[in-house]
Amino acid sequence: MTSRPPALFVLFFFFLPFLLFPLAASHNITRILAQFDDFSTFSSLLTQAQLVSDINSRRTITVLAVDNGAVSSASGRPIDELKKILSLHVVLDYYDDEKLHNLRNHTAILTTLFQATGLATGRNGFLNVTNMGNGQIAFGSAVSGSPLVANFVKVLATRPYNISVIQISSVIVPPSISGGASNHSTSPTAAPVAAPAPANATLTPTLAPSEDAPSPTPDAESPSDVSDGPSPADAPSSDTPVASPPGLMSPDGSPAGAPSGNAADAPAGDSSAAERVVAGAGVAIAMAFAMLGSLQMS
């Protein structure tokens, strides 16, 4: 009975460091920024975007802080946009002056709190940090083609390897928020499908016809659609009957060059459609005469 209290005390003092370790590793970003008057606006924006608790709960983190003069581009934005922008300034790793100036291959892709939220699309949740080789460290979005828009200024506070707060020169806005038309090329508006192109029109590469493009209408025949006929400039319109050479008649008594009843429904550009109809009719008539002759002989 008398040996139990000492044993409990031994266990308590054994586990005490483990119980105090989380408290020793914790940090408070607002208290850190409160030491610097030039970052009061940035600290206030973190509170508005409800990112303080997320930052304080991280065991290893780097905050890219922007001073009051440069953070104005983020002020006044809707809360959802503000949260995305500021969460891009929270790197989920520890970076201080020495680590930034000794980047492997002089560049690195940093995962941010914006990526961890699941709201980022593509590479919008990542940052590109590059050692420019002249002592200058530059930051920018990791989205392809994005410029490096912010420079490393100085280290504000560190607690290796728990938290690092460093100053950068300007706010980094994800292209998904700021890019709009600047990050996506806009193709020229296509001409209306129903409008026929002039015979002598020059097609630019951007409007070149593809396999999916509609075929020309019968009113705008191309030179390849007319065989042994007048040139396109002299060709009559589709409403004018086309005279055929004398003596050439189809089986139904109409001129051989005149369109049949279904010619208008034939696909444009198929110049042999009418000829196939006439040929089919001729074969049918020949077969009928052959059958009639064989019946007479029998």
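We did not get these values from a lab; they are worked out from the coordinates using the rules stated. Fair warning: this is a prediction, and the values are worked out from it, not measured in the lab. Because the Cβ atoms are built from the backbone with ideal geometry, glycine has one as well, and the counts that use them run over all protein chains shown.
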Full-extension gain in nm, Met132 to Arg31, via 0.36 nm per residue minus C-alpha separation
33.1 nm
Ordering of 101-107, 82-88 by packing [mean C-beta count within 10 Å, highest first]
82-88, 101-107
I'd like the projected area of the stretch 25-85, averaged over all directions, using the convex hull of its alpha carbons. Report it in nm² with one decimal.
4.0 nm²
Can you give the extra length, in nm with one decimal, that the chain gains between Asn68 and His106 once fully stretched, where that is 0.36 nm per residue apart less the Cα-Cα distance?
10.7 nm
What does the charge count near Leu156 come to, summing +1 for each Lys or Arg and -1 for each Asp or Glu among other residues with Cβ under 14 Å from its Cβ?
-2
So for the stretch 132-172, considering every pair of alpha-carbon atoms, how many percent are separated by more than 13 Å?
60 percent
Over the Cα atoms of the stretch 17-153, Rg to Rh with Kirkwood Rh, two decimal places?
0.97
Please list, in order, the residues from the stretch 132-164 whose amide nitrogen is less than 19 Å from a point placed 7 Å along the Cα→Cβ vector of Ser40.
none
